[in-house]
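The values are calculated or read from the model by the stated rules, or taken from the named source; none is laboratory data. Computed from a predicted model, the values in this text were never measured in an experiment. Glycine gets a Cβ as well: all are built from the backbone with ideal geometry, and neighbour counts include every protein chain shown. When the accessible area is computed, the model is the full protein with side chains, heavy atoms only, and any ligands, DNA or RNA have been set aside. Shrake-Rupley method; radii C 1.70, N 1.55, O 1.52, S 1.80 Å.
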Amino acid sequence: MRRSLVAAFALCLSAGVACAQEPTKTPIKLDIVNDALPNSLTGAPGNAEAGRKVFLTRTLGNCLACHQVTSLKSEEFHGEFGPSLDGVAGRYTEAQLRLIVADPKRIFTDTVMPAFFKNEGLSRVRPEFVGKSILTAAQVEDVIAFLKTLN
């Protein structure tokens, strides 16, 4: 239990500290089709190696704080709060993964996973982070490219 709380705290800390997107007056609009985002947020595929770095970086994705990934067993502090991501590429399509990363509450209403590509409708946002998303569109695409390697 304590480990789960530590992981959840780490996730919240990373989400609050590292907003990559510059503030914008325009809300991010996602073109959702059948519980998925079929189109790249950038118009181009992501880079799996860059996505791995975002996935692991505590001030960006910090995904390992909550999720386990066997292929990353050399990395420390795998979380047990979220589901294992082993085989995630076989469980979800690329379009579904994109929505899960961008705005997971659209699929999993009770999740504590933050929306990594959303800049409105958020609660308890520090003033310096208002209007910013945690990750840029390119970083989301990079994470998706990395997740697609997890068969």
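Looking only at segment 107-117, how many residues end up being in contact (Cβ under 8 Å) with a residue 60 or more places away in the chain and open to solvent by 80 Å² or more (accessible area, probe 1.4 Å)?
So the count comes out to 1.
Can you name the residue in segment 131-151 that is open to solvent by less than 10 Å² (accessible area, probe 1.4 Å) and of a type in the set (Val, Ile, Thr) and, of all such residues, is farthest from ASP35 (Cα to Cα)?
VAL143
State which residue pairs qualify: first residue on the phi > 0 side of the Ramachandran plot and inside segment 54-66, second residue in a helix (DSSP H, G or I) and of a type in the set (Gly, Ala, Ser) in any location, beta carbons under 6 Å apart, and separation of 6 or more residues or different chains.
Partner pairs satisfying both residue conditions: ASN62/SER14.
Is there any pair linking a residue in segment 67-85 that is farther than 16 Å from VAL143 by Cα to one that is of a type in the set (Asp, Glu), with Cβ under 8 Å and at least six apart or on different chains, and which?
If the second residue must be of a type in the set (Asp, Glu), the pairs left are THR70/ASP86.
So that you can scan it fast, the table gives a plain yes or no per residue for (1) open to solvent by less than 40 Å² (accessible area, probe 1.4 Å); (2) part of a helix (DSSP H, G or I):
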position: LEU37; (1), (2): yes, no
position: GLY43; (1), (2): no, no
position: THR59; (1), (2): no, no
position: SER74; (1), (2): no, no
position: GLY79; (1), (2): yes, no
position: GLY82; (1), (2): yes, no
position: LYS105; (1), (2): no, yes
position: ASN119; (1), (2): yes, no
position: LEU122; (1), (2): no, no
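Return yes when LEU97 is out of contact with any strand residue (DSSP E or B) (no Cβ under 7 Å at 6 or more places or on another chain), free of Cβ contacts under 8 Å to residues at least 60 places away in the same chain, among the hydrophobic types (A, V, I, L, M, F, W, C) and under 19 Å from LEU56 (Cβ atoms) and no when it is not.
yes
Looking at GLU94, GLU128, which is the one that is open to solvent by 30 Å² or more (accessible area, probe 1.4 Å), within 29 Å of PRO27 (Cβ to Cβ) and at pLDDT below 95?
The match here is GLU128.
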